[in-house]
Structures are given as structure tokens and as C-alpha cells.
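Colleague: Please read through the structure below; I'll follow up with questions.
The values are calculated or read from the model by the stated rules, or taken from the named source; none is laboratory data. Nothing here was measured: the structure is a model prediction, and the numbers come from that model. Virtual Cβ from ideal backbone geometry, glycine too; neighbours counted across all protein chains shown.
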Amino acid sequence: MNTTELPVRPDVTAFVARVRELLADLPEEDRLELTEGLEADLTDQVSERGGGALGDPEAYARELRAAAGLDPAPRRRPQGQRSTSLAEQPDAVRDRWATMVSRPTIATVWTVLVALRPAWWAVRAWAAAVLLAVFVPGWYDYGFVWLPGVHPVAGLLILLACLAGSALVGLGKVWPGGRRGTPARMVLLVLNVAAVVALPVINGQLDQQSWSRFSQGYNEAQAGAGARGVMNGGQEVCNIAAYDAAGQPLVGVQLFDQAGRQLDVRCYDQVALKVPWMLGDVTRWNVYPLGERDRPARSERRRQDLTGAALPTPDRATTPAVTNPLVPVEAEARPSGTTDRDRGERDSRRGDVSRR
Amino acid sequence: MDQTQLLKGVLDLAVLAVVQAEDGYGYDIVRRLREGGLADVGDASVYGTLRRLYAAGALTSYVVPSESGPHRKYYGITPMGREQLARQRRDWRAFATTLDGLLSGPAPATAARGASA
């Protein structure tokens with residue numbers, strides 16, 4: 001009889017692997033001793049009596065332990081005796097968890113996760129800091145440095161305080177960390193669950209904010225770079241300052257392109273920020289310079305109020321007298337050095353507009 | 001009475017007796033026990049018992065390698081195992097005799113009590 005050459009069936013292999021897992025709490029030597037040759041024995045048994053001979057691996061492991069005079073599986077309550085008392089429930093859950101993660105396959109992963117525990121303390125501290133930041137006066141849901149919506153220094157202080165608190169609780173030095181009392185454990189559980197729940201919410205809001213800001217910026221850029229408007233050196237043109245050949249500023253210059261279309265200068269919020277020229281009661285946006293408001297007026301009622309609005313003068317424009325061979329010379333025979341007068345004129349123009 | 005309950009106390013003895021007859025690997029021993037009449041014996045109980053007897057020094061073990069299948073672990077009895085077997089056999093015989101006596105001769109005690117009442 002050549003019984004040593006039976007191939008091992010996969011269900012036998014799986015069964016033995018499961019039994020080994022269930023014995024994982026035993027010293028390696030005992031475990032090996034107890035399961036060595038088990039594949040061969042079970043293979044024989046299955047080949048004699050069919051796959052049904054395997055049965056329940058947990059019962060099998062229990063029987064193996066009991067017969068070998070080893071401790072019954074530790075840290076596990078019998079099913080019937082499950083405690084319903086609030087004080088013992090955390091222990092029961094913890095025990096079940098400990099048994100689960102003590103399996104060799106999971107144990108390595110679990111060890112790494114345990115080592116990363118301080119990272120969780122930091123993350124939950126951040127969650128707590130964000131929730132605290134909402135109560136800081138002047139909070140607004142914009143901007144993300146340390147914490148969304150508070151001054152970076154205040155945000156940093158809150159975050160540091162929360163980090164210290166979270167770590168101390170994690171190390172069991174501050175209530176409710178490290179206490180065995182039921183209220184403390186419950187509070188800690190609630191806090192941790194709250195942090196877990198809060199994280200995706202916070203994250204989602206930040207995402208949404210940054211997305212809406214991104215899309216807003218994108219749309220503005222699209223609007224600027226799109227079919228509308230005039231570009232100059234890669235930047236959108238928002239207004240045009242016109243001067244005549246002698247360097248005198250011109251007001252009410254109507255501009256058209258080569259095809260006779262009105263030059264359509266448009267920036268973001270053009271209607272709210274600019275005071276257009278009028279043709280009867282129709283607005284004309286190709287007449288320059290456009291008046292500028294110091295504050296956006298986004299409603300019709302606001303646009304009626306012209307306080308602080310003026311025709312602009314560009315900060316850095318230099319306006320020398322220029323010539324063109326196509327223009328007769330007498331047109332440019334005007335005295336130069338008119339800068340002071342120019343300034344005066346512009347200022348008075350600004351006053352005119354304000355008084356309108 | 002359930003055979004498994006009775007077996008708990010004497011499985012050591014049964015296993016030692018079977019192994020003394022001839023070395024064997026786990027399932028081989030289970031099979032011999034079942035053929036010998038202990039039909040309900042659980043294989044895990046036998047393997048656990050083998051392991052415990054081995055740890056106590058009553059059994060020796062050796063692995064027989066196999067080219068294509070899993071290795072088999074054979075058990076043999078040691079001098080210490082023989083001693084244990086002899087001792088437990090004596091204990092069992094004495095115990096069995098006592099119990100036989102109890103089971104076959106309860107009449108006088110019952111009668112005496114009945115008479116006194």
C-alpha cells in the first residue's frame with residue numbers, strides 16, 4: 001500500500017490552514033507539533049469517507065486542543081454567554097477583534113497599523129481643529145492654509161492644541177483616554193466615531209470648495225480667453241485709454257475693428273465694474289475710456305449710484321507726441337510739456353463723472 | 001451512555017495500546033481504534049492525544065517523507081509509554097472489576113433498605 005503518495009486535495013489544504021489559524025495563539029512549536037502530518041491524515045480520511053468528513057474547522061481545532069491538554073482558545077467568550085452589559089461589551093468586542101487580528105495573515109498588517117496609531121491621533125486632531133475653527137469669530141469657508149477659514153496663526157494654534165490633546169488622550173494621560181470606566185470608554189468611542197464620520201464630510205466640503213473655486217476660475221479664464229474680448233500680451237484688455245498724436249487724452253473715442261464691428265472689450269464682471277457710454281438708452285461698450293467703479297454694482301439699483309465712479313487714467317502710460325507720414329505736419333504743431341495740464345484735465349473729468 | 005463521554009478518561013490507554021501493537025501515523029491509529037470498536041472516536045481527539053502523549057514522553061515520533069504527497073508523522077511507543085500502559089491497564093482492570101461488581105450485585109443493598117423501611 002503506497003499511502004504516502006496521495007496528492008493533497010485543496011479542501012484539505014484549506015481546512016488545515018484554517019485549523020492552523022485557529023491555533024495561532026499557541027507557541028509556534030506546539031502549533032507545528034499539533035498540525036504536522038495533518039494534511040496526510042485528513043487526505044486519507046477524505047479519500048476513505050469523502051469530503052464531508054472534514055466538518056467544522058473550529059470544532060476540530062477545539063477538539064484538538066482539548067485532547068492535547070492545551071488551553072482552550074483564549075480570549076473568546078462562548079457564544080451563548082455573550083454579555084449584554086455595557087461595561088463588558090467593549091471587552092467582548094475587543095477580545096473578538098484581538099482574536100481576529102492574531103491570525104498570522106492579518107497579524108503583520110495589524111502590526112503596521114498599530115505602529116501608525118499616532119497618525120490617527122494627528123488626523124483626528126485635525127478634524128477636531130476644523131470643527132473648533134468654525135466657532136472662531138470671522139470664520140468663512142474660504143481659503144485653506146492650516147485650517148479652512150481662520151487666520152493662519154490662529155489656525156496653527158488651534159491645530160497644535162488639538163494635536164497635543166489628541167496625543168495625550170491617545171497615550172492615556174488625559175481623560176477619557178486610558179480609563180477603564182464605562183463612561184470614559186463610551187465617550188472615547190463616540191469621539192473617535194465622530195472623527196471618523198467628520199473626516200469625509202470635512203474633506204468633501206473642502207473638495208467642493210476648491211472645486212467650485214477652480215471651476216469659477218476656469219470659467220472666468222475661459223470667458224476671458226474665449227471668443228469675446230480683446231487680448232493684449234496675453235492679458236485681457238479691460239479698458240482703453242486713448243490719446244491723440246500730441247499726447248492729449250481723448251474722451252469718448254468710439255472704436256471699431258477692421259470689419260466695422262464695435263470693439264468689444266470685456267473683462268470679468270465688466271457690467272458691474274464699468275460705467276458704459278450711452279446711445280440714447282442703449283449701452284455702448286466700444287466707447288473709451290469706460291468709467292470705472294471702485295466697487296462692483298451687481299444690481300440695477302446699485303448701478304444707479306455713481307459714487308466713487310470715474311473715468312480712469314492709466315498709471316504708467318507715457319504719452320509722447322508722435323508723428324505719422326500720412327498725417328499733415330500742422331496737426332502736430334502743438335506745444336509740448338502739457339503733462340501738468342493733462343493731469344488737471346483728467347482730475348476735473350473724474351469730478352464730472354462723479355457728479356453725474 | 002455516550003461513548004465519547006466514557007472515552008475521555010481512557011483514550012490515552014486505548015491509543016497507547018494501539019501504538020504498542022505497531023507504529024502508526026495519525027489516521028492509521030484512528031482507523032485501528034475504530035476497527036477495534038471505538039466507532040465514535042473523533043480524529044482530532046486522537047491527534048491531540050498523540051501530541052500530548054508525545055509531549056509527556058510516552059511516545060516517540062518520526063516523519064516519513066513522501067515525494068508527491070504530504071509527509072506522514074509516525075508514532076511509536078517509548079519505554080516510558082510501556083510503563084504508563086502497564087500501569088493504566090492495571091488501573092482500568094481494577095476499575096472495571098469494581099464497576100462490574102457494582103452493576104451486577106446491587107440486590108442486597110436494596111433489599112436491606114427495603115427491609116428496614
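Colleague: Does region A:71-93 contain any residue that is at positive phi, surrounded by 13 or more Cβ atoms within 10 Å (Cβ to Cβ) and either at pLDDT 80 or above or more than 14 Å from every other protein chain (Cβ to nearest Cβ) (or both)?
Modeller: The answer is yes; a qualifying residue exists.
Colleague: For region A:25-61, enumerate the residues that are facing chain B (nearest Cβ under 7 Å) and farther than 18 Å from B:GLY42 by Cα.
Modeller: A:GLU33
Colleague: Could you please find all residues in region A:286-304 being assigned to a loop (DSSP other than H, G, I, E, B), within 16 Å of A:LEU250 (Cα to Cα) and out of contact with any Leu (no Cβ under 6 Å at 6 or more places or on another chain)?
Modeller: Of everything in region A:286-304, just one residue is assigned to a loop (DSSP other than H, G, I, E, B), within 16 Å of A:LEU250 (Cα to Cα) and out of contact with any Leu (no Cβ under 6 Å at 6 or more places or on another chain), namely A:LEU290.
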